[in-house]
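For reference, the structure is listed below as structure tokens.
The values are calculated or read from the model by the stated rules, or taken from the named source; none is laboratory data. Here the structure is a predicted model, which means the values were calculated and not measured. Positions of Cβ are backbone-derived with ideal geometry, glycine not excepted, and every protein chain shown enters the neighbour counts. Side chains are part of the model used for accessible areas, which takes the heavy atoms of the whole protein and leaves out ligands, DNA and RNA. Shrake-Rupley method; radii C 1.70, N 1.55, O 1.52, S 1.80 Å.
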Amino acid sequence: MSKLQHNITFLQQRITNACIATNKKPENVTLLAVSKTQSVEIIQQAYDLGLRQFGENYVNEAQEKIPSLPQDIVWHFIGPLQSNKTRFIAEQVAWLHSLDREKIALRLNEQRPASLAPLQCLIQVNISNDDNKSGIDAENLLDFAAKIAALPRLQLRGLMAIPKANQSNEALAQDFAKMAELLALLQKNYTGVDTLSMGMSADLELAIAHGATIVRIGTDLFGART
Ligand SMILES: *Cc1c(COP(=O)(O)O)cnc(C)c1O
């Protein structure tokens, strides 16, 4: 068995175990393969082993890789997005996890081709109130969501967070719990909201315990990035 095959099997087992431990359905949790810095060859190997959902962080890198990979990959963009790079995202990806600016949303709404489904959008929340992090502040969520929900070529599906690094388990659990509350609030106001993108290699179990439906995994899938 290849190292990659081993890692995929092990991660799927971790996800299943975390779901069983907290009464969640494993089929409701998606393993998103974070393929930033990984080559087309490695991504193709992961595809051949059955993965279909991949996440990229940098537009330039995504532009180089996406055209050479199978058409049925579901691409997610999870990094910061500048307004001069929205067209590629509007035309080439299915999901955007990092929506936090109205100006970007308006551009994406204009640029999303009519031939494609609406862009599936997650609002990024700066859940740890980290000065260096992108994301909207929690208290602005409903105002911002109203602006997104009014745009026909974007579909509001939920929330995403990148909690501050190196927090205690207790602080991290609090952040994940706050995200679950915010998702519930959003669900009260909008139909079709069902997605919570949180949890990475080191904390996917804690995230699933708090309701994550997409876990974003790089290191424990592909190995340490160089
Ligand atoms: C790199 C990255 C990940 C993956 O993190 P790992 O710890 O390598 O699993 C997840 N989410 C975002 C937004 C990232 O930039």
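Modelled this way, with points 7 Å down the Cα-to-C-beta line, the labels at residue 150 and residue 94 are 3.0 nm from one another.
Computed across the range 179-226, the Kirkwood hydrodynamic radius from all distinct Cα-Cα pairs reaches 11.8 Å. Taking the chain as a Gaussian network, Cα atoms linked when under 10 Å apart, which of 192, 135, 158 shows the biggest mean-square fluctuation? Per the Cα network of the chain with a 10 Å cutoff, 192 tops the list. Beyond 23 Å, how much of the Cα-Cα pair distribution for the range 41-173 remains, as a whole percent? Summing the P(r) of the range 41-173 above 23 Å gives 37 percent of all pairs. Label sites at residue 58 and residue 132, each approximated as a point 7 angstrom past Cα along Cα to Cβ, lie 1.8 nm apart. Largest first, the extents of the alpha carbon coordinates of the range 1-74 on the three principal axes equal 40, 27, 20 Å. Structural descriptor for the chain: relative contact order 21 percent, calculated from alpha carbon pairs under 8 angstrom and at least 6 residues apart.
The accessible surface of the chain, taken with every protein chain in place and a 1.4 Å probe, is 48 percent carbon and sulfur. Per residue, the accessible area of the chain comes to 49 Å², computed with a 1.4 Å probe over protein heavy atoms only. When only alpha carbons are used to place a centre, the range 164-194 and the range 133-147 end up 13 Å from one another. The residue 44 and residue 177 beta-carbon pair, evaluated with R₀ = 30 Å, returns a calculated FRET efficiency of approximately 0.20. Distance between the 7 Å Cα→Cβ label points at residue 191 and residue 74: 2.1 nm. By the helix-only formula, in which each DSSP H run with n ≥ 4 contributes -39500 (n - 2.57) and the sum is divided by residues, the chain has a 222 nm mean residue ellipticity of -12000 deg cm²/dmol. Globularity index of the chain is 0.97 (Cα radius of gyration / 2.2 N^0.38 Å, N = number of residues). Charge dipole of the chain (Cα centre as origin; +1 on each Lys and Arg Cβ, -1 on each Asp and Glu Cβ, all else neutral): 340 debye, rounded to the nearest 20. As a ratio to 2.2 N^0.38 Å, the alpha-carbon radius of gyration for the range 137-226 is 1.18.
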